[in-house]
Amino acid sequence: MQNSRKDDWKRLLKIVSFSSREVFEEIRPPATPMLVPALFVLCSAFMLWLTFYVITTTGVLTIPFIGEFSLNLGLSISSFQDLLVLLVPLPSAFLFVYIGGAVILASWYFAVARYYRVDILWEQWFAFTCWTLVPMIIVPSARFFITILEASDDPYPVLSIFVVALFYLLPVAWTVFLTQQGLRVWTAKGKGITFLISVIPYLLYVLFSVEKIVELMKGAFS
C-alpha cells in the first residue's frame, strides 16, 4: 500500500503532462486509487483560496506595476484567535461546494456509463473525477480574484484578460481534455462522444460564471 501511495503521488505529476492517458490506463477499475488525488485536490484548492482570501479581505493586495486591490468585507484579524474564528466556517463551506461538485460529476459519468452498459462503480467514477480535477485547484482563487477585479474602480484590461484566460479558462479546458482522455480509456468510446460527455458539465460551469466575466471585461475596457 505504501509503494502504491508513492506511485499515486508520481501520477499526479504525470496526469497534468502528456502522459495522462498512461495514468488512466494504470488506474483503471477495479484498482482505482482515490485517497491521494482527493486529498491533493481538496487541500491544494482550499489552501490556495484561503491564502488569497485572507490576504485580500483583511488588507490590501499590491501587485507590482499594476496597483493595489482590496475588498472590504468588514473582517479584522488582530490575533491568532480572530484567525481561528474566521477559519471555522470556511473549510466546511468550501469543502461542501467542492465535494458537492465532484459528487455531481461522478454521478454524471456513472449515469452515462450505465447507459452505455459500462460496468464501473460510482465510487470508481468519484476517484476518476478526483484525478481529472487536478488542474482545477487554482480556479476557486481565480474566481475570487475575478470578483475583486470586478469591484475595482480600474480593473486593468491586461490583468483581467490574463486572470480569466490563464487561471480560469485554461484549467477548465485542461480538465475537459483530461476527462476525455480518461473516458476514452475507461469506456472505449470514440473522440466525439467522450468529448461531448466531458465538455457538458464544464460548459454549464462556465456559462454559470459568464455574466461575471462579461461584467469584468466591460469594466476593464470602459
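For Trp108, the stated conditions hold: it is in contact with a Pro (Cβ under 8 Å, 6 or more places away or on another chain), in a helix (DSSP H, G or I) and of a type outside the set (Gly, Ala, Ser).
The condition (being open to solvent by less than 60 Å² (accessible area, probe 1.4 Å), modelled with pLDDT of 80 or more and not in a helix (DSSP H, G or I)) is satisfied by just one residue among Val164, Val176, Val118: Val118.
Would you pick out the residues in the range 103-115 that are surrounded by fewer than 18 Cβ atoms within 10 Å (Cβ to Cβ) and either under 15 Å from Thr187 (Cβ atoms) or touching a Cys at 6+ places or on another chain (Cβ under 9 Å) (or both)?
Trp108, Ala111, Arg114, Tyr115
Within the range 30-55, residues that are over 21 Å from Pro171 (Cβ atoms) reach partners that are part of a loop (DSSP other than H, G, I, E, B) with beta carbons closer than 7 Å, at six or more positions or on different chains, in the pairs Pro33/Ile27.
The values are calculated or read from the model by the stated rules, or taken from the named source; none is laboratory data. Since the model is a prediction, treat every value here as computed from it, not as a measurement. No Cβ is skipped: glycine too gets one built from the backbone with ideal geometry, and neighbour counts run over all protein chains shown. SASA here: full protein model, heavy atoms, side chains in, ligands and nucleic acids out. Shrake-Rupley method; radii C 1.70, N 1.55, O 1.52, S 1.80 Å.
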